[in-house]
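Please read the structure below before turning to the comments.
Bear in mind that the values in this text are calculations on the coordinates, not laboratory data. Everything numeric in this text was worked out from a predicted model, so none of it was measured. Cβ placement follows ideal geometry from the backbone for every residue including glycine, while neighbour counts extend to all protein chains displayed.
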């Protein structure tokens, strides 16, 4: 299965969970909660307020070496949008990829996603536990705070 097969299939429209695709073309599904949606909307509002230029994309599909992964929130610079527009999936990761942790996420799974996003071009990856607890990562490892959004 290719990502276009997932996106174009009406059976997958309006599902209450996130879908990703492995490198073998298998679907992965993760349930979403209202709290997850609340955190996602708050992050979007903060990113739009703090950063001049660029776009915020929710449920951002990104082609990686392990298939298509979907960041809960991504920030794309004006340069990134100029190069790729809003193609689906992006052939590279936007500068910032954010994952909101769910009870079903394992540490191994999230460590792999961090590396996939960074290896695909992201400058930073955030793991959001809740709005007060965020872990920041770059190619240099764990960061004390975001370099892209220091506030």
Filter the stretch 60-73 down to residues that are within 19 Å of residue 43 (Cβ to Cβ) and in contact with a helix residue (DSSP H, G or I) (Cβ under 9 Å, 6 or more places away or on another chain), then give me how many there are.
6
Members of the stretch 134-151 found to be within 16 Å of residue 73 (Cβ to Cβ) and not in a loop (DSSP other than H, G, I, E, B), listed by number
134, 135, 136, 137
Breaking point among (1) surrounded by fewer than 11 Cβ atoms within 10 Å (Cβ to Cβ); (2) in contact (Cβ under 8 Å) with a residue 60 or more places away in the chain, for residue 68
(1)
Tell me which residues, restricted to the stretch 74-89, are in contact with a helix residue (DSSP H, G or I) (Cβ under 6 Å, 6 or more places away or on another chain) and surrounded by 24 or more Cβ atoms within 10 Å (Cβ to Cβ).
75
Being touching a strand residue (DSSP E or B) at 6+ places or on another chain (Cβ under 8 Å) and part of a helix (DSSP H, G or I) is the filter here, so list the residues in the stretch 81-127 that pass it.
81, 84, 110, 113, 114, 116, 117, 118, 119
Condition set touching a residue at least 60 places away in the same chain (Cβ under 8 Å), closer than 21 Å to residue 46 by Cβ and surrounded by fewer than 18 Cβ atoms within 10 Å (Cβ to Cβ), scope the stretch 90-130, selection nearest to the chain's Cα centre (by Cα): answer is 102
